[in-house]
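Q: Input: one structure, supplied below.
The values are calculated or read from the model by the stated rules, or taken from the named source; none is laboratory data. Computed from a prediction, not measured in an experiment: that's the story for all the values here. All Cβ positions, even for glycine, are placed from backbone atoms using ideal geometry, and neighbour counts span all protein chains on display. For accessibility, only protein heavy atoms count, side chains too; no ligands or nucleic acids. Shrake-Rupley method; radii C 1.70, N 1.55, O 1.52, S 1.80 Å.
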2 protein chains.
Amino acid sequence: MNTLARIATLSLFALSATCTIASAADDSVPPSPNGIEFPQGYADWRVISISDRTDNKTLRVILGNDVAINAARSGHTNPWPDGAILGKVVWKSAAEANWGAALAPSKFVHSEFMFKDSKRWADNGTGWGWARWKGVDQKPYGKDANVAQECIACHTPVKGRDWVFTTPALFPSVMPAPQ
Amino acid sequence: MNTLARIATLSLFALSATCTIASAADDSVPPSPNGIEFPQGYADWRVISISDRTDNKTLRVILGNDVAINAARSGHTNPWPDGAILGKVVWKSAAEANWGAALAPSKFVHSEFMFKDSKRWADNGTGWGWARWKGVDQKPYGKDANVAQECIACHTPVKGRDWVFTTPALFPSVMPAPQ
């Protein structure tokens, strides 16, 4: 193999290695059946609130992208602004090994998201896109493009809160104290 | 008032307004009695885990600065690296208004922090600095420089875990799945 061929081969190898590293991340997660792409990087989003669902023994953290965080901290959440994405990360709860009276996350269950876009999602009557990815392998949830109907049915009691259960938790450094 | 005087007055007003906005944030929070400064910007840190303390009816989110997040996601938590800061934000828990079987944050209780610096904090036997700020007005907790003794006594059961109760919760996108 001459020098040029070696350089070409090494370059191809380097390119291939780069692509492998890049595709090892979230971009291998398929979209939801309704066309919503998996929100890469959601684990880096900031906290809006947390909850403990005692009925199904799960703990949840509710995260927001920058648009959602700005809305939550300034109290503009009814309606939430277009561009806001809320993410709920869900784990089974279990007794904390070294503090028996505390519950902490154990097995990862799923991550689920609401995407506010009042034009794109006008047709489903909520102005939100809805999607969930299940398990550690993050499989898209639902059989077809109507996957949101199950989400919407469950969220109907909070239709008057722009379909959102979560009330932003108070972080005194960045939000006004309650009156 | 002549034009120059108007410009000078407006400039001073603008400067004053800028300073007021800047000082309205965290920099008004006094340090802990052991000299630890309030970690400004902690509300923007990323999530390590969450918990529900059923014994005192509080919900907690455990946040980490960048050093702590990198350690948590790569499994380097025993010991945690110097520079890591863990923050625990605590609220009283209350039934979620629209989902009675769920607990959600209500009144803000306090934020408390562990600062890993094995040299600075060698003398207290843990390698961590400990501090807490109470209530929405974020008053430093403790009477004197020995404030950490109470924290350390409570954390002694997890001495073998580098004094940390929290196990990082699994975020599949950014952490290897458990074996």
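Q: Give me, ordered by chain and number, the residues 5 or more places off B:Ala94 or on other chains with an amide H under 5 Å from its own placed amide H.
A: Amide H neighbours of B:Ala94, under 5 Å, 5+ apart: B:Ala104, B:Ser106.
Q: Separate question: Taking R0 as 45 Å, what FRET efficiency do you get between B:Asp66 and A:Lys143 from their Cβ-Cβ distance, rounded to the nearest 0.05?
A: 0.65
Q: Give me the dipole magnitude in Debye, nearest 20, for the range B:92-155 about the Cα centre, with unit charges on the beta carbon: positive for Lys and Arg, negative for Asp and Glu.
A: 80
Q: For A:Ala101 and B:Asn78, what does the FRET efficiency come to when R0 = 22 Å and r is the distance between their Cβ atoms, rounded to the nearest 0.05?
A: Here the calculated transfer efficiency is 0.40.
Q: Which lysines does A:Lys143 reach when only Cα atoms under 26 Å apart count, and residues fewer than 8 places away in its own chain are ignored?
A: Qualifying lysines at Cα under 26 Å: A:Lys57, A:Lys88, A:Lys92, A:Lys107, A:Lys116, A:Lys119, A:Lys134, A:Lys159.
Q: Further question on the same structure: Kindly give the distances from B:Ala97 to its copy-mates, label point to label point, with each label point 7 Å from Cα along Cα→Cβ, as nm values to one decimal ordered shortest first.
A: 4.0
Q: To the nearest 100 Å², how much accessible surface do chains B and A cover up together, summed over both, with a 1.4 Å probe?
A: Buried surface at the B/A interface: approximately 3800 Å².
Q: Rounded, prolate or oblate for the range B:84-179? Axes are the square roots of the Cα gyration tensor eigenvalues, ordered a ≥ b ≥ c, and the cut-off for rounded is a/c under 1.5.
A: The shape class here is oblate.
Q: Compute the Cα gyration tensor for the range A:34-150, then decide on rounded, prolate or oblate, letting a ≥ b ≥ c be the square roots of its eigenvalues: rounded whenever a/c is under 1.5, prolate when a/b is larger than b/c in the other cases, and oblate in all that remain.
A: oblate
Q: Let me ask something else. Give me the dipole magnitude in Debye, nearest 20, for the range B:56-179 about the Cα centre, with unit charges on the beta carbon: positive for Lys and Arg, negative for Asp and Glu.
A: Rounded to the nearest 20 debye, it is 240 debye.
Q: At a 1.4 Å probe, which residues in the range A:159-174 are at least 20 Å² less accessible with all protein chains present than in their chain isolated?
A: Going by heavy-atom accessible area, the residues of the range A:159-174 that drop by at least 20 Å² are A:Phe165, A:Ala169, A:Leu170, A:Phe171, A:Pro172, A:Ser173.
Q: Counting only protein chains, not ligands or nucleic acids, how are A:Asp162, A:Asp137 ordered by accessible area (probe 1.4 Å), most first?
A: Final ranking, largest accessible area leading: A:Asp137, A:Asp162.
Q: Measure off 7 Å from each Cα along the Cα-to-Cβ vector at A:Glu37 and B:Lys159, then give the distance between these two points in nanometres to one decimal.
A: Roughly 5.2 nm, to one decimal.
Q: What FRET efficiency would be calculated for the residue pair A:Lys134, B:Lys134, taking the C-beta separation as r and a Förster radius of 35 Å, to the nearest 0.05?
A: Approximately 0.30, to the nearest 0.05.
Q: Shortest first and in nm with one decimal, please list how far the B:Asp123 label point sits from its counterparts in the other copies (point 7 Å along Cα→Cβ).
A: Sorted ascending, the copy-to-copy spacings read 6.9 nm.
Q: Please work out whether the range A:46-85 counts as rounded, prolate or oblate from its C-alpha gyration tensor, where a ≥ b ≥ c are the square roots of the eigenvalues and a/c under 1.5 means rounded, while otherwise a/b larger than b/c means prolate and anything else oblate?
A: Prolate shape, in that a/c is at least 1.5 and a/b is the bigger ratio.
Q: List the distances, in nm and shortest first, from the label point of A:Gln40 to the matching label points in every other copy, placing each point 7 Å from Cα along the Cα-to-Cβ direction.
A: Here the equivalent label points are 3.4 nm apart from this one.
Q: I'd like the Karplus ³J(HN,Hα) series for the range B:69-78: coefficients 6.51, -1.76, 1.60, θ = phi - 60°, whole numbers in Hz, and an x wherever there's a Gly or Pro.
A: Along the range B:69-78, the couplings run 5, 4, 5, 4, 6, 9, x, 9, 10, 8 Hz.
Q: Normalised by the residues of the range B:34-179, what does the relative contact order come to in percent, with Cα pairs under 8 Å and at least six apart?
A: 20
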